[in-house]
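S.K.: After the structure tokens below, expect a handful of questions from me.
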Amino acid sequence: MTAHVDQGDPTAVSKPDVSAENTRPTVSPGRRDPDVADISVRGLWKVFGTARTATRVPTTPELAAMSRSELRDRTGCLAAVCDLDFDVAPGEVFVVMGLSGSGKSTLVRCLTRLIEPTAGTITIQGEDITRMGDRALRELRRNKVSMVFQHFGLLPHRRVIENVAFGLEIRGMSRAERMRRATEVIELVGLDGYQQSYPEQLSGGMQQRVGLARALAGDPGVMLFDEPFSALDPLIRRDMQQEVIRLHREVGKTMVFITHDLSEALKLGDRILIMRDGRTVQVGTGPELVGAPADDYVRDFVREVPRSQVLTLEWIMREAVPADDMSGRELAPDVVVRDAVRAVLESTAPVKVVRDGRLLGVVGDPEILRVVAGS
Amino acid sequence: MARAARVYRRPGRLTLLLGILVGWLVLYAVLKGTDTISLAPSDVTSLHTRLNDLNTSVGDNRNSNPFFLYFINEIQVGATHFITFLQNLLSQPSGTRPVPVVGWLGVVVIMTVIAGRFGNWRVAVLAAAGFLFLGLQGLWQPSMDTLALTIAAVVICVLIGIPLGVLVAQYRGFERVITPVLDLMQTMPTFVYLLPLTLLFLIGPATGVIAMVIYAMPPVIRLTAHGLQAVSTETVEAGRSLGSTRPQQLAKIMLPMARRTIIIGVNQTIMAALSMVTIAALVAAPGLGQTVLQALESQDVGTAFNAGLAIVVLAVVLDRVTTAASERARATDHARTRLRADPRWRRGADLVALIVTAVAVYLSYTYQLFAAFPDHLAIGGTRLGLDLGTHIESWTSSATSWAQRDLGSITGPIKNGVTYHALNPLQNLLDSSPWWLTFIAIVATAFVLGGRWAALIAATCLGLVVGTGLWQDSMDTLAATLIATVVVVVLGVMFGVWMGRNARADWGIRPFLDALQVMPAFVYLVPFVALFGATRFTGIVAAVLYAAPVAIKIVADGIRGVPAETVEAAGSSGCSTWQVITKVQLPMSVRSLALATNQGLIYVLAMVVVAGLVGGGALGFDVVAGFSQSSLFGKGLAAGAAIVLLGIALDRVTQSAARRAGGHVSHRAT
Ligand SMILES: Nc1ncnc2c1ncn2[C@@H]1O[C@H](COP(=O)(O)OP(=O)(O)OP(=O)(O)O)[C@@H](O)[C@H]1O
Ligand SMILES: [Mg+2]
């Protein structure tokens, strides 16, 4: 995983000297310590096709190594998700990105076995999902993990409040109690006053708020989002993103968020996993992806990104040389370039990048200008 | 274009057909009257006697054989009880009461309230008016008998059909098994299974209802399955993601979301059941069907028309009410009406309706005036006649005699022309040739048209027809079928081309076609019996009217399917309208033409049999006689088999011919 970061390309913004181990930005790998992770996925496969052939694919090295199209031509099976490994920390927003057909929806549905994985293990809050029986799985879905869908998946014959309370009703909660809880959540997502409406009387954005409220109602620890805002127009989408950020701040859930919109990913995600044809291409924070794209696929993704808003100083600093004027200001390595522009350009001396009192490098006018001009 | 051209470039086939015809005619002239297989109406063959014996032995053993004792008889008794219960409620004297439990006032109010509660106030008014009209027609009791039968059939259909629909929606394998069965249930002429059913369930209302159930169940199964399958996968997934169990998904998500489609299925089931009431009357099911049937047999056009009208009124009311209910079940309407009406207000309205209904039912239970529909009202000294029915009957009768007297100069020549110049010669050729000659000629024709397989199937079916001993009757039925089909295809092309080319014509004509298709088949016969008497010709006309709408619609769709660009290209290269039609549009819709012919044949065949009741004779008559005379039971069964065999042969040959002409004929056309 970490190797990706090293394959920086020459056109990328200047990067810290590779040899200077200590100054390298910390790269967050896909795998973390499974004991502290909320969700931990190992060797996950989903192969669509006849059951017999499909189960053979992950275990046969020759088949497992094939590309998706090769596999389809050879066996007629479609490998939607291939050998994924990743961990999501408690309270983290983990974003999965990829082009259409790259297997994002399949992946997120495998997490609660709405789609049955072909191979691999999934651990959520310490429990192995892949070994659960039907009853345990239902309990998990009722209490621990909930999901928000692209086209909302609301019930048209029920009022908003009944939609929100649906999951609670399924659990067998009493009517009075679930209505009370539903009212609370409806307030939380800003839909107060629409309790008695029917879904189709609401705009798309409001309908998705209902979807959000329904997912929140059961107070799950983990929330899954499958492109929840793709069907909304841009302005509403921005509102809803703000809403998720606010909710995340208020309720602090672990979130797995599927999107194909990079700006959404950068805005929401602590870390981003980029998928292509079912496989991981790169996992990392926004600046890591922008600063050191693993390959052309990722580079294509991040091309349009305004770098100055994503990259931090540690990604553009250079090593201090004796000739440097060391009288400049000190800034932290995780300051976003845009916020440092003024400080750097106003002084003649380069800005010193300092962490815990240790000098990591310096950023002068040329470094800043390269980023700002490049974006 | 290329395909069509191939059809026209094959003079070989036409020459061959002509050759067969000439050879047949020559041999016919020489051998006429020899080696024919004919059977007088009351004669039977040994096969028929054996079938009679089967009937007798079933009758003798039905109380000892475990299959009957624990299965068939249970069904029969259960169905009979259910029907009797409904009849006691609605139509027949119950227990010591000389009148049913709920009198006319009760029924009218109940229907109105149901229509208003689940539909809207407009259909509530329609329901009230319609049911009162039934009473005014003097047909209250038979109408209620029919209603009772229909309710019985529909309740059974719904109780069995919805769960089956759920299974179909959930299990692919089950769907694959049941689809051909449903196809068969809908396409097989009802006549065919009616007689075997009596073998199992005896003559009586139970058999009538079971036949109605067989015919009427497929729509509710299909539409339930369809409605469930159409529920968006994401919504179901959302339900699963919240941890719902399978029964919860079904009850709380899928069924409510499919509600509207299911109600449409129930609507179609009701219509199908109603269209069967006359046929069910053949096995002594009571009600309007009986009235129509008896009137047709005694050629009492006035009574037949009045009763036929009652069936139509019943059908219209039930159709409108269920349609309104299905529209109301649409979620948008749902949202609107629900929001407007405060739940408390709604509950109040429901309560009022309930009280009014209870009062009406009580009145109709207690007072003679509200129990049996009165034929007149005496208010003070004035007498108000309520017997609209007798007026309708006498108007119809006088219209009929006028038509027979004064239109005779028009209808007579038409009838005689067709009978003497088309029907009789064809019938003679088919049934007075030596049977082997006809056999060979037909198989050869099948070979030329449809190839080896078609010929083989035709030969097998005809061979079996010979075995039934009803060769002559079969050939007579075949003659009438062929003539009617020719007319159907001609009409199909004429109107189909017109409608296909002209959207306004389509808009204007289509409702009439729909009406012709949903009207119970027997109602067709009434005016034609009036005009042409009980003759074979009447049967042919009725069959044409029954089958033409299907053929017209298929051709119209085919013509419309020709790409507009191709038509424009032809026009721009200087084709006249006539040339565009004959050289572009018709050849390019050859598939639809073939399909129209195929479906036309099947529909005609189903109706020619019904027409057997009104003088059409031949196989239809044999089947009908099988119901009324136990000595002819076996012959009736054999005639039913012969109809199926003819149907299979005609279907296969036209399908193969169609495939050769450039397209596979799918069986489900409409
Ligand atoms: N039930 C299925 N059977 C067979 N193939 C499937 C099935 N579901 C998905 N696929 C295939 O798996 C691949 C991944 O699909 P998936 O829906 O996960 O992609 P996605 O990344 O969510 O795309 P999008 O952005 O369009 O939603 C696609 O090629 C799709 O055709
Ligand atoms: Mg998707």
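S.K.: Excluding the sites themselves, what is the longest stretch of chain A that contains no GluC sites (Glu not before Pro) in a DSSP loop with at most 16 other C-beta atoms within 10 Å? Show your work: numbers first, answer last.
M.R.: Values: sites that count: A:GLU304, A:GLU319.
It works out to A:1-303.
S.K.: Averaged across A:154-161, how many Cβ atoms of other chains sit within 10 Å of each residue's Cβ atom?
M.R.: Details: counts 4, 9, 9, 12, 4, 3, 0, 0.
For peptide A:154-161, the averaged partner shielding equals 5.
S.K.: Would you give the gap between the C-alpha center of segment B:239-314 and the C-alpha center of segment B:54-81, rounded to a whole Å?
M.R.: 27
S.K.: Sticking with this one: Hey, if you put +1 on the Cβ of every Lys and Arg and -1 on every Asp and Glu Cβ in segment B:535-670, which of B:SER573, B:ILE643, B:ILE559 ends up farthest toward the positive end of that dipole?
M.R.: In segment B:535-670, that residue is B:ILE643.
S.K.: Can you sort B:THR382, B:THR224 so the residue with the fewest Cβ neighbours within 10 Å comes first?
M.R.: Working: B:THR382 7, B:THR224 27.
Listing B:THR382, B:THR224 from fewest to most nearby Cβ atoms yields B:THR382, B:THR224.
S.K.: If we count every other residue with Cβ under 11 angstrom of A:GLN241's Cβ, Lys/Arg +1 and Asp/Glu -1, where does the sum land? Numbers along the way, then the final one.
M.R.: Details: positive: A:ARG237, A:ARG238, A:ARG246, A:LYS267; negative: A:ASP239, A:GLU243, A:ASP261, A:GLU264.
Taking every Cβ under 11 Å from that of A:GLN241, the sum is 0.
S.K.: If one computes P(r) from the Cα atoms of chain B, what percent of pairs lie at distances over 44 Å? Provide the component values of the computation, followed by the final result.
M.R.: On the way: 64720 of 224115 pairs.
That tail contains 29 percent of the Cα-Cα pairs.
S.K.: Would you look at the GNM of chain A, springs on alpha carbons closer than 10 Å, and say which of A:MET206, A:MET275, A:MET173 moves the most?
M.R.: It is A:MET173.
S.K.: Hey, another quick one. Could you work out how much longer the chain between B:PHE85 and B:ARG344 gets when fully extended? Use 0.36 nm per residue separation minus the Cα distance between them, nm to one decimal.
M.R.: Working: separation 259, 0.36 × 259 = 93.24 nm, distance 3.60 nm.
Working it through step by step, the gained length comes to 89.6 nm.
S.K.: So for each of B:590-601, B:116-127 I average, over its residues, the number of other beta carbons within 10 Å; can you give me the resulting order with the highest mean first? Let's see the in-between values first.
M.R.: Working: B:590-601: 25.2, B:116-127: 18.2.
Put in order of decreasing packing, that is B:590-601, B:116-127.
S.K.: Something else about it: With only Lys, Arg, Asp and Glu charged, each at its Cβ (+1 for the first two, -1 for the last two), find how big the charge dipole of segment A:85-216 is about the Cα centre; round to the nearest 20 debye. Walk me through the numbers on the way to the answer.
M.R.: On the way: 18 positive and 15 negative charges, 84 e Å.
Dipole about the Cα centre, nearest 20: 400 debye.
S.K.: Which value in nm describes the separation of the simple spin-label points at A:VAL321 and B:GLN579, placed 7 Å from the Cα toward the beta carbon?
M.R.: 8.7
S.K.: A follow-up question, please. Can you pull out the trypsin sites (Lys or Arg not before Pro) in segment A:336-367 whose DSSP state is coil and whose Cβ has at most 12 other Cβ atoms within 10 Å?
M.R.: none
S.K.: Measure nothing fancy, just the Cα-based angle from helix A:337-346's long axis to the longest principal axis of chain A, in degrees from 0 to 90, nearest 10.
M.R.: Approximately 20 degrees, to the nearest 10.
S.K.: Now for a separate question. Given a Förster distance of 35 angstrom, what is the FRET efficiency for A:GLU184 paired with A:ALA373, based on the Cβ-Cβ distance and rounded to 0.05? All intermediate terms of the calculation are to be shown ahead of the outcome.
M.R.: Details: r = 50 Å, r/R0 = 1.44.
Step by step, r from the Cβ atoms, then E = 0.10.
S.K.: If the chain between B:TRP395 and B:TYR420 were fully stretched, how many nm would it gain, using 0.36 nm times the residue separation less the Cα-Cα distance?
M.R.: Details: separation 25, 0.36 × 25 = 9.00 nm, distance 3.26 nm.
Extra length from B:TRP395 to B:TYR420 when fully extended: 5.7 nm.
S.K.: Can you give the FRET efficiency for A:SER230 and A:PHE48, using 1/(1 + (r/R0)^6), R0 = 22 Å, r = Cβ-Cβ distance, to the nearest 0.05? Intermediate values should be presented prior to the final figure.
M.R.: Numbers: r = 22 Å, r/R0 = 1.02.
Taking R0 as 22 Å, the efficiency between A:SER230 and A:PHE48 is 0.50.
S.K.: When you take every Cα atom in the protein assembly as shown, what is the radius of gyration, and what is Dmax, the widest Cα pair distance, in Å?
M.R.: Rg and Dmax of the protein assembly as shown, Cα atoms, are 38.7, 129 Å.
S.K.: To the nearest 10 degrees, how steeply does helix B:331-340 sit against the main Cα axis of chain B, on a 0 to 90 scale?
M.R.: Long axis of B:331-340 versus the principal axis of chain B: about 20 degrees.
S.K.: Follow-up question, since we're still on this one. Would you be so kind as to identify which of B:ALA503, B:LEU595, B:GLY615 lies farthest towards the positive end of the dipole of the protein assembly as shown, taking Lys and Arg as +1 and Asp and Glu as -1 on Cβ and the Cα centre as origin?
M.R.: B:GLY615
S.K.: Within 10 Å of each residue's Cβ, count the other Cβ atoms and sort B:LEU25, B:LEU586 from fewest upward. Mind dumping the intermediate values first?
M.R.: Numbers: B:LEU25 13, B:LEU586 21.
Listing B:LEU25, B:LEU586 from fewest to most nearby Cβ atoms yields B:LEU25, B:LEU586.
S.K.: Let me ask another. Any idea what diffusion coefficient segment B:452-526 gets from Stokes-Einstein, in µm²/s, Kirkwood Rh on alpha carbon pairs, 20 °C, 1.002 mPa s? Provide the component values of the computation, followed by the final result.
M.R.: Details: Rh = 15.7 Å.
For the chosen part, D equals 137 µm²/s.
S.K.: Roughly how big is chain A's charge dipole about its Cα centre, with Cβ charges of +1 (Lys, Arg) and -1 (Asp, Glu), in debye to the nearest 20?
M.R.: On the way: 49 positive and 53 negative charges, 282 e Å.
Approximately 1360 debye in magnitude.
S.K.: How far apart, in nm, are two points set 7 Å out from the Cα along the Cα-to-Cβ line at B:SER630 and at B:ALA230?
M.R.: 5.0
S.K.: What's the center-to-center distance, using Cα atoms, between segment B:546-584 and segment A:106-125 in Å?
M.R.: Rounded to whole Å, the Cα centres lie 55 Å apart.
S.K.: Within 10 Å of each Cβ in peptide A:140-151, how many partner chain Cβ atoms are there on average? Round it to a whole number, please.
M.R.: On the way: counts 1, 5, 4, 1, 1, 3, 4, 5, 2, 6, 1, 5.
Counting Cβ atoms of other protein chains within 10 Å of each residue's Cβ and averaging gives 3.
S.K.: Arranged by the count of other C-beta atoms within 10 angstrom, fewest first, what order do B:TYR420, B:TYR362 take? Could the numbers behind the result be given before it?
M.R.: Values: B:TYR420 10, B:TYR362 13.
With the sparsest Cβ surroundings first, the list reads B:TYR420, B:TYR362.
S.K.: Which order do the peptides B:537-543, B:450-456, B:394-400 come out in when sorted by mean C-beta neighbours inside 10 angstrom, highest first? Present the calculation step by step, with values, prior to reporting the outcome.
M.R.: Numbers: B:537-543: 27.4, B:450-456: 17.3, B:394-400: 15.7.
Going from most to least packed, we get B:537-543, B:450-456, B:394-400.
S.K.: Sort the following peptides by mean Cβ neighbour count (other Cβ atoms within 10 Å, averaged over residues), highest first: A:142-153, B:282-293.
M.R.: Packing order, densest peptide first, comes out as B:282-293, A:142-153.
S.K.: From the C-alpha coordinates alone, can you work out the Kirkwood hydrodynamic radius of chain A, in Å?
M.R.: About 22.6 Å for chain A.
S.K.: Under a cut-off of 25 Å between alpha-carbon atoms, report the lysines in cross-link reach of A:LYS253, not counting same-chain residues fewer than 8 places apart.
M.R.: A:LYS104, A:LYS144, A:LYS267
S.K.: Taking the Cα atoms of segment B:467-611, what is the range of coordinates along each of the three principal axes, in descending order and whole Å?
M.R.: For segment B:467-611, the Cα spread along each principal axis is 57, 35, 21 Å.
S.K.: Moving on. Net charge near B:LEU645: determine it from the other residues with C-beta under 12 Å of the C-beta of B:LEU645, scoring Lys and Arg +1 and Asp and Glu -1. Write down the numbers at each step before the final one.
M.R.: Working: positive: B:ARG652; negative: B:ASP651.
Residues close to B:LEU645 contribute a combined charge of 0.
S.K.: Here's something else I'd like to know. Under a Cβ-Cβ cut-off of 15 Å, what is the net charge of the residues other than B:LEU202 that fall near it, where Lys and Arg count +1 and Asp and Glu count -1?
M.R.: On the way: positive: B:ARG62; negative: B:ASP60, B:GLU74.
Cβ neighbours under 15 Å give a net charge of -1.
S.K.: Oh, and also: Please get the size of the charge dipole for segment A:305-375, origin at its Cα centre, with Cβ charges of +1 on Lys and Arg and -1 on Asp and Glu, quoted in debye to the nearest 20. Each step should come with its number before you reach the end.
M.R.: Values: 9 positive and 11 negative charges, 35 e Å.
Once rounded to the nearest 20, the dipole reads 160 debye.
S.K.: So how far, in whole Å, is the C-alpha centre of segment A:290-307 from the one of segment A:155-206?
M.R.: Each part's Cα centre sits 41 Å from the other's.
S.K.: Using a cut-off of under 18 Å, list every residue of segment B:599-626 whose amide N is near the label point 7 Å from the Cα of B:LEU54 along the Cα-to-beta-carbon line.
M.R.: B:622-626
S.K.: Separate question: Per residue, how big is the convex hull around the C-alpha atoms of segment B:588-635? Give it to me in cubic angstrom, could you?
M.R.: On the way: hull volume 3.2 nm³, N = 48.
Per-residue hull volume (Cα only) is 68 Å³.
S.K.: Could I have the simple spin-label model distance between A:ASP219 and B:THR357, label points 7 Å from Cα toward Cβ, reported in nm to one decimal?
M.R.: Each label point is offset 7 Å from its Cα along the Cβ direction, giving 4.4 nm.
S.K.: Could you work out the mean count of beta carbons from other protein chains within 10 Å of each residue's beta carbon in B:230-240? Could you put the intermediate results ahead of the total?
M.R.: Details: counts 0, 1, 6, 2, 7, 7, 2, 8, 16, 5, 8.
Average per residue, whole number: 6.
S.K.: Among A:PRO58, A:PRO199, A:PRO156, which one shows the highest mean-square fluctuation when chain A is modelled as a Gaussian network with alpha-carbon springs under 10 Å?
M.R.: Highest fluctuation among the options: A:PRO156.
Readers should treat all values here as calculations from the given coordinates under stated rules, not as data from a laboratory. Please read all numbers here as calculations on a predicted model, not as lab measurements. Cβ coordinates were reconstructed from backbone atoms using ideal geometry, including for glycine residues, and neighbour counts include every protein chain displayed.
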